[in-house]
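Engineer: Take this structure, written in structure tokens, and hold onto it; I'll ask about it next.
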Amino acid sequence: MKRTSPKSKGRENQSSARGPQKKAAARRPPPSEPPWFILVGPTAVGKSAVAERLASAFGTEILVADSRQVYQGMDIGTDKPSAAARARVPRHLIDLVPPDGPFSAGIYKRLAEAQIDRLSQEGKPVFIEGGTGLYIKTLLYGLWDGPPADWDFRDRLLQEEREKGEGTLHRQLAAVDPAAAERIHPRDLPKLVRALEVYHRVGRPISEVHAAHRFSERPKGDYFLVGLRREREDLYRRIEQRVESQIANGLIEETARLLAAGFAPQLPSMRGLGYKQMSRYLQGEQTREEAIATLKRDTRHYAKRQMTWFRADPKIEWIDLTENEGPEETFERILRLKYFKIML
């Protein structure tokens, strides 16, 4: 905001002393809201600890963009912030639905926009942190909602995959939507099922529908995107450490409790990182060591897919983290960016 100099202030006082003017001076509009700040990056890069420091500096709360942390009772495998961390800085958009509850990017968008409106009314900056690029993109540019879920059709597709073998659904999708099949991994059953479901319900390939939509809504306001990234070897070392920590903190026991509560391994939530691999171990499909090794491998692959998504966005300003860099140093580096002359 432009500051009034003492000299100009004096002229304004003199004008007031001469009485009313023939024409009232135009009122300066109130300052606009600060741009949204969005912090992104792959899993295990170190976003959460940095986000806590940034939110404290902004005097605001954190809106989490994580498709796995929306599920209740799934804490260790999704690396949810501890109760102490949440007490220090409120975090929202986590623990939203039970593990068998339906959830989508469209639902996330609606709930996130309600939180954004609340923060704006309270005069707090909007701060979003997470690794689910689709959720962030839907907030900025909108989303094609598509037809509602057809659970009977989905169950039939999953039954086909089990009976006919891995790759069945991917081959079906390749026959009707080669572009989507090229983009979706053969083992990514939730996305394969949704793509086939859309084709079944609307008669058009999902790739064609997405191309027509192109996230065409205008952002509700200005925004500033910062991404955290590390050298591959450093990130993979942190992933190894994270998985070992999850096992030590009770990931296997957490998975066993979820299975005992009746949450089937085929649920989207239970097919997430950690729960999928530990379910296989608990059901005797893999040894403990094999399941842990598979989790490490799958987490590396997931981080790679996240980076592929984020690299496609030219608006992200990247911060390259060094191997021994801690969250405090990263926090200080981010504060030196030009954007924070507005925020702080």
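The values are calculated or read from the model by the stated rules, or taken from the named source; none is laboratory data. Nothing here was measured: the structure is a model prediction, and the numbers come from that model. Heads up, the Cβs are rebuilt from the backbone with ideal geometry, glycines too, and the neighbour counts pull from every protein chain shown.
Engineer: Confirm whether Pro90 is surrounded by fewer than 19 Cβ atoms within 10 Å (Cβ to Cβ) and over 30 Å from Ala195 (Cβ atoms).
Structural biologist: For Pro90, the condition - surrounded by fewer than 19 Cβ atoms within 10 Å (Cβ to Cβ) and over 30 Å from Ala195 (Cβ atoms) - is met.
Engineer: Checking Thr287 against (1) over 16 Å from Thr43 (Cα atoms); (2) under 24 Å from the mean Cα position of the chain (by Cα), which test does it fail?
Structural biologist: Unmet for Thr287, out of (1) over 16 Å from Thr43 (Cα atoms); (2) under 24 Å from the mean Cα position of the chain (by Cα): (2).
Engineer: Filter the range 176-209 down to the residues that are farther than 20 Å from Ser269 by Cα and acidic (Asp, Glu), then identify the one that is modelled with the highest pLDDT.
Structural biologist: Only one residue fits best here, namely Asp177.
Engineer: Exactly one condition in (1) among the aromatic types (Phe, Trp, Tyr); (2) at pLDDT below 90; (3) farther than 30 Å from Glu129 by Cβ is not met by Tyr141; state its number.
Structural biologist: (3)
Engineer: Another question, if that's okay. Across the range 122-134, which residue is nearest to Arg194 (Cα to Cα) among those that are modelled with pLDDT of 95 or more and outside any loop (DSSP other than H, G, I, E, B)?
Structural biologist: Looking at residues that are modelled with pLDDT of 95 or more and outside any loop (DSSP other than H, G, I, E, B), I get Gly130.
Engineer: Which residue, of Ala261, Ala256, Ala303, Ala293, is of a type in the set (A, V, I, L, M, F, W, C) and under 19 Å from the mean Cα position of the chain (by Cα)? Give the derivation first.
Structural biologist: Working: Ala261 fails: under 19 Å from the mean Cα position of the chain (by Cα); Ala256 fails: under 19 Å from the mean Cα position of the chain (by Cα); Ala293 fails: under 19 Å from the mean Cα position of the chain (by Cα).
One residue alone meets the criteria, Ala303.
Engineer: Consider the range 67-87. How many of its residues are among the hydrophobic types (A, V, I, L, M, F, W, C) and surrounded by fewer than 19 Cβ atoms within 10 Å (Cβ to Cβ)?
Structural biologist: Here is the first cut: in the range 67-87, the residues among the hydrophobic types (A, V, I, L, M, F, W, C) are 70, 74, 76, 83-85, 87.
Okay, now just the ones that are also surrounded by fewer than 19 Cβ atoms within 10 Å (Cβ to Cβ), so 83-85, 87.
Number of matching residues: 4.
Engineer: Among the residues of the range 227-271, which ones are hydroxyl-bearing (Ser, Thr, Tyr) and free of Cβ contacts under 8 Å to residues at least 60 places away in the same chain?
Structural biologist: Ser245
Engineer: Restricting to the range 256-307, and then to whatever is touching a Leu at 6+ places or on another chain (Cβ under 8 Å) and small (Gly, Ala, Ser), can you tell me which residue is farthest from Gln72 (Cα to Cα)?
Structural biologist: Ala303
Engineer: Does Val97 fit the bill of being of a type in the set (A, V, I, L, M, F, W, C) and surrounded by fewer than 18 Cβ atoms within 10 Å (Cβ to Cβ)? Spell out how you get there, then give the answer.
Structural biologist: Values: of a type in the set (A, V, I, L, M, F, W, C): yes; surrounded by fewer than 18 Cβ atoms within 10 Å (Cβ to Cβ): yes.
The answer is yes for Val97.
Engineer: Please go through the range 294-344 and give me each residue that is exposed (fewer than 15 other Cβ atoms within 10 Å of the Cβ), of a type in the set (Val, Ile, Thr) and at pLDDT 95 or above, ordered by number.
Structural biologist: Result: Thr322, single match.
Engineer: If you don't mind, there's one more thing I want to ask. Count, please, the residues in the range 96-121 that happen to be over 18 Å from the mean Cα position of the chain (by Cα) and closer than 19 Å to Ile38 by Cβ.
Structural biologist: Result for the range 96-121: 4.
Engineer: Here are some conditions: (1) among the aliphatic types (A, V, I, L, M); (2) more than 14 Å from the chain's Cα centre (by Cα); (3) at pLDDT 95 or above. Ala24 meets all but one. Which one does it not meet?
Structural biologist: Condition (3) is where Ala24 drops out.
Engineer: Something else now. Listed residues Ser269, Ser279; which is touching a strand residue (DSSP E or B) at 6+ places or on another chain (Cβ under 7 Å), under 25 Å from Arg162 (Cα atoms) and modelled with pLDDT of 95 or more? Spell out the reasoning first.
Structural biologist: Details: Ser279 fails: touching a strand residue (DSSP E or B) at 6+ places or on another chain (Cβ under 7 Å).
On inspection, the qualifying residue turns out to be Ser269.
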